[in-house]
1. Taking only protein heavy atoms and a 1.4 Å probe, what accessible area per residue, in Å², does the chain have with all protein chains in place?
2. Between 154, 105, 179, find the one with the highest GNM mean-square fluctuation for the chain; connect C-alpha pairs within less than 10 Å.
3. Taking the Cα centre as origin and putting +1 on Lys and Arg beta-carbons and -1 on Asp and Glu beta-carbons, what dipole magnitude results for the stretch 6-139, to the nearest 20 debye?
4. Please report the Cα spread of the chain along all three principal axes, rounded to whole Å, starting with the longest.
5. What net charge is computed for the residues neighbouring residue 81, neighbours being all others with C-beta under 11 Å from the C-beta of residue 81, Lys and Arg scored +1, Asp and Glu -1?
6. Rank-order 55-65, 186-196 by packing density, defined as the average count of other C-beta atoms within 10 Å over each peptide's residues, highest first.
7. Please report the net charge: other residues with Cβ closer than 15 Å to the Cβ of residue 271, K and R +1, D and E -1.
8. Does the stretch 15-122 come out rounded, prolate or oblate, given a ≥ b ≥ c as the square roots of the eigenvalues of its C-alpha gyration tensor, rounded meaning a/c under 1.5 and, failing that, prolate meaning a/b above b/c?
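The values are calculated or read from the model by the stated rules, or taken from the named source; none is laboratory data. Here the structure is a predicted model, which means the values were calculated and not measured. We place every Cβ from the backbone using ideal geometry, glycine too, and count neighbours over all the protein chains shown. Accessible surface areas use protein heavy atoms only, side chains included; no ligands, DNA or RNA. Shrake-Rupley method; radii C 1.70, N 1.55, O 1.52, S 1.80 Å.
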Amino acid sequence: MAAFKRNILITGGAGFIGNHVVRLFVNKYPDYRIINLDKLTYAGNLANVSDVACRGNYVFAKCDICDAAAVAELFARYDIDGVIHLAAESHVDRSIHDPMAFARTNVLGTLTLLQAALEHWRGGDMSGKRFYHISTDEVYGALHAEGGFFTEATRYDPHSPYSASKASSDHFVRAFHDTYGMPTLVTNCSNNYGPRQFPEKLIPLFVNNIRRRRPLPVYGRGLNVRDWLYVEDHARAIDLIFHHGHAGETYNIGGHNEMRNIDMVKALIAVTDRLLGRADGEDSGLITYVTDRAGHDLRYAIDASKLERELGWRPQVSIAEGLELTVKWYLDNQQWLDSVTSGEYMNYYEKMYGNR
Ligand code: NAD
Ligand code: TYD
């Protein structure tokens with residue numbers, strides 16, 4: 001087995017953000033071995049990482065983060081020295097219907113990973129190790145319509161079962177730093193958008209529906225505000241923080257792109273119609289106001305100045321560029337959308353790796 005400079009476990013690498021992080025690390029760090037651990041739930045799609053699957057520094061491990069024995073075996077087999085933990089149940093609407101699944105994976109799964117890392121690292125010099133937990137700004141709760149930002153000092157106030165489970169996992173990660181001296185990092189990021197996001201989330205769902213001329217279900221009056229960040233900017237921040245973030249610290253990540261949902265929907269219609277050669281605003285009639293999401297947080301907005309000041313991070317992709325890239329990707333990859341919405345993508349693992 002070739003000697004690698006580092007052995008990095010990335011969890012959730014077949015999901016939306018994870019595939020961009022895996023791709024960045026596999027390409028940028030040929031001397032690192034990247035172990036992509038993913039259970040392949042409905043949100044995990046190996047087609048998302050098919051372009052790096054044959055690379056010598058990439059390994060895929062189908063595994064549930066709640067399976068303590070399997071996780072410990074991976075730590076031992078690959079002598080893991082860094083963890084970038086993205087695996088999670090991630091959709092707020094699903095958490096309203098099945099909160100237990102969120103507690104299981106997001107809370108117990110994170111704790112299982114922390115314990116495996118501690119068992120593997122304890123007794124040696126832990127200073128070069130890293131356990132980096134990817135979290136969300138939703139743990140801070142909701143802001144008023146006008147003014148104010150979440151900072152790293154904002155009190156946790158989660159409202160949905162999703163954000164409550166992420167808040168709990170954040171606390172466990174910090175507890176492992178404070179109690180056992182584990183070099184941990186936590187980042188809380190705003191809403192991501194870009195290629196290969198599961199089409200249950202606002203942007204890919206609506207691009208797909210515009211394409212197929214289906215209704216666009218806007219919750220409530222569409223006045224909730226989200227702060228959008230292009231997913232590759234998030235992946236670049238993760239790379240920077242994994243290598244240069246200070247152990248025990250928390251960093252907020254956000255794009256300063258606040259938009260009301262209804263304005264985002266109108267922008268999506270404009271870009272999609274233009275790229276499909278349809279008349280400007282032709283699909284505006286698809287907008288359908290539906291019953292609001294229970295406990296719908298009004299506004300999220302991130303103050304990312306700590307990350308900018310301490311590590312020099314800045315987002316590179318403007319919202320206009322990012323939306324153009326994103327809509328174009330979904331329209332150029334309609335087969336990806338069709339295989340995901342039909343469920344056909346679920347067969348990818350057997351096709352790639354056989355029945356093991
Ligand atoms: P996603 O739902 O697209 O992907 C999650 C991945 O985790 C999937 O590949 C899934 O198969 C895997 N997974 C789920 N349960 C698992 C388990 N028990 N064991 C192993 N693998 C499992 O999610 P995403 O949008 O890519 O989010 C990734 C991380 O980033 C999550 O922790 C999420 O909370 C956080 N986050 C997301 C956003 C966003 O806007 N999407 C913003 C901030 C933070
Ligand atoms: P979503 O993409 O689910 O992300 P999050 O809930 O984590 O912010 O939703 C983004 C916003 O869009 C949120 O305010 C809810 C709203 N929304 C709709 O209005 N209709 C929809 O069908 C969906 C999925 C979301």
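1. 41
2. Its mean-square fluctuation being the largest, the pick is 179.
3. Here the stretch 6-139 has a charge dipole of around 360 debye.
4. 64, 47, 38
5. Summing Lys/Arg as +1 and Asp/Glu as -1 gives +3.
6. Working: 55-65: 18.2, 186-196: 24.0.
Most protected by this proxy first, the peptides run 186-196, 55-65.
7. In short, -3.
8. Values: a/c = 2.25, a/b = 1.22, b/c = 1.86.
Oblate, because a/c is 1.5 or more while a/b does not exceed b/c.
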